Amino acid sequence: DVYSDMAYYLNELVSTRYGLELLIFSVETEPSWMSQQNYWRGAWYQHGSRLGDYHHEYQPKEPELEERLFAITITALRRDLMSCESRNRTLYYNGNSHFWSEKAPDFLATANDVFEEQKDSRRHVIHISEYVYHGLDEYDRAIEMLFDAYNRKILDESGRFHLVSRLHNQSRYEESIEPLQGLIRDYPDNIDYRVHAMRAYFRTQKTEELLDLRERTHDEFHERNLWNEHTLSQMAYICEETQLSELAVDYFEELIPLHQRTQPNQGIGNGTLSVYYRRMALALSGLGRTDDAVEAAE
């Protein structure tokens, strides 16, 4: 790319300032149709990382260049959010070494604007909320966006579980219970939803609900011939996690022979078997059976 080469030489031989300005100019003057039709060759995609590098290196900042860079960065962010395609996010995504942190409030404002424009689109809600969550570390606002879509019944199954996952990541277990109950009702054969609900009940000290769901899941999955290694392992794990240690040990004692019967060399050396034994050891420790725990861990 001629602009990239020229900017490199300007940066190396003259000044970072001129390399930065040239790349800004290349984005400013690019025809809109080119960035839309030639995604992989667009100026922002080509130069975004180097713009971040040069902006970071160049001191002192010049207001005129800062304004021009900010304008093209906001344009790139809006295009990203509107198209649901992650472009070169160096300047506007937190976690990148050259994230433009001073402009984070402006990036959030742009995300909020696009969300209001596109909030009836499930695809946009997920994309925008993910940017706000991971790209700006605005966890509460991202969850608020998802809840808004959930309450208006915009989210599909994966979107509803996405909301649950974000809530659990932020230890907001109480708020996850109602969406999880709906998922279990609508998709009763999905063990993952039940496991997450058991975790939420445990974290909110709803012991009766935890025990009831564990029993119902055990019975219903047996009745519907869904009791397989995956289901059994998930039940063993969640019982160990939620301190239902005796039940966890029972499940592991059923799970380990099942795995051994169905794997080459009885599962030795594949990693899964060692995880099962290690988690069983934790459950045994929870029962005070230290010697048995040591034996299982070995």
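Taking each residue of the stretch 90-112 that is under 18 Å from residue 45 (Cα atoms) and looking for partners that are among the small types (Gly, Ala, Ser) and open to solvent by 30 Å² or more (accessible area, probe 1.4 Å) with beta-carbon atoms closer than 7 Å, six or more apart or interchain, yields 90/49. When both residues are 6+ apart or on different chains and their Cβ atoms are under 8 Å apart, which pairs have a first residue that lies in the stretch 45-73 and is over 21 Å from residue 85 (Cα atoms) and among the charged types (D, E, K, R), and a second that is modelled with pLDDT of 85 or more and surrounded by fewer than 19 Cβ atoms within 10 Å (Cβ to Cβ)? Cβ pairs passing all conditions: 53/98; 68/28. Scanning the stretch 261-283 for residues that are under 15 Å from residue 296 (Cα atoms) and in contact with a Leu (Cβ under 7 Å, 6 or more places away or on another chain) yields a single hit, 276. Looking only at residues of the stretch 278-298 that are within 25 Å of residue 213 (Cα to Cα) and open to solvent by less than 50 Å² (accessible area, probe 1.4 Å), we find that the one that is farthest from the chain's Cα centre (by Cα) is 284.
Tell me whether the stretch 138-152 contains one or more residues that are open to solvent by less than 10 Å² (accessible area, probe 1.4 Å), farther than 22 Å from residue 108 by Cβ and not acidic (Asp, Glu).
Here is the first cut: in the stretch 138-152, the residues open to solvent by less than 10 Å² (accessible area, probe 1.4 Å) are 142-143, 145-146, 149.
Keeping just the survivors that are farther than 22 Å from residue 108 by Cβ gives none.
No; the residues of the stretch 138-152 include none that is open to solvent by less than 10 Å² (accessible area, probe 1.4 Å), farther than 22 Å from residue 108 by Cβ and not acidic (Asp, Glu).
Just one of the listed residues (108, 81) is buried (at least 21 other Cβ atoms within 10 Å of the Cβ), under 25 Å from the mean Cα position of the chain (by Cα) and outside any loop (DSSP other than H, G, I, E, B), and it is 81. Contact map, the stretch 172-184: first residue within 16 Å of residue 212 (Cα to Cα), second residue surrounded by fewer than 16 Cβ atoms within 10 Å (Cβ to Cβ), Cβ cut-off under 9 Å, separation 6 or more or different chains; pairs are 177/204; 184/190. A search for C-beta distances below 9 Å between a residue of the stretch 122-138 that is within 14 Å of residue 89 (Cβ to Cβ) and any residue that is outside any helix (DSSP H, G or I) and open to solvent by less than 10 Å² (accessible area, probe 1.4 Å), counting only pairs 6+ apart in sequence or on different chains, returns 131/92; 135/92; 136/92. In the set (1) under 28 Å from residue 211 (Cβ atoms); (2) touching a residue at least 12 places away in the same chain (Cβ under 8 Å), the condition left unmet by residue 275 is number (2). Can residue 122 be described as surrounded by 15 or more Cβ atoms within 10 Å (Cβ to Cβ), of a type in the set (D, E, K, R) and modelled with pLDDT of 95 or more? So residue 122 fits the description; yes.
I'd like the full set of residues that are among the small types (Gly, Ala, Ser) and under 24 Å from residue 96 (Cα atoms), limited to the stretch 130-171.
Of the stretch 130-171, the ones among the small types (Gly, Ala, Ser) are 135, 142, 149, 158-159, 165, 171.
Selection gives 135, 142, 165.
Looking at the stretch 85-102, which of its residues are open to solvent by 50 Å² or more (accessible area, probe 1.4 Å) and part of a loop (DSSP other than H, G, I, E, B)? Correct list: 85, 86, 93, 95, 97.
The values are calculated or read from the model by the stated rules, or taken from the named source; none is laboratory data. This is a predicted model, so every value here is computed, not measured. Note that each Cβ is placed from the backbone with ideal geometry, even for glycine, and that neighbours are counted across all protein chains shown. All accessible areas refer to the heavy atoms of the entire protein, side chains included, with ligands and DNA or RNA removed. Shrake-Rupley method; radii C 1.70, N 1.55, O 1.52, S 1.80 Å.
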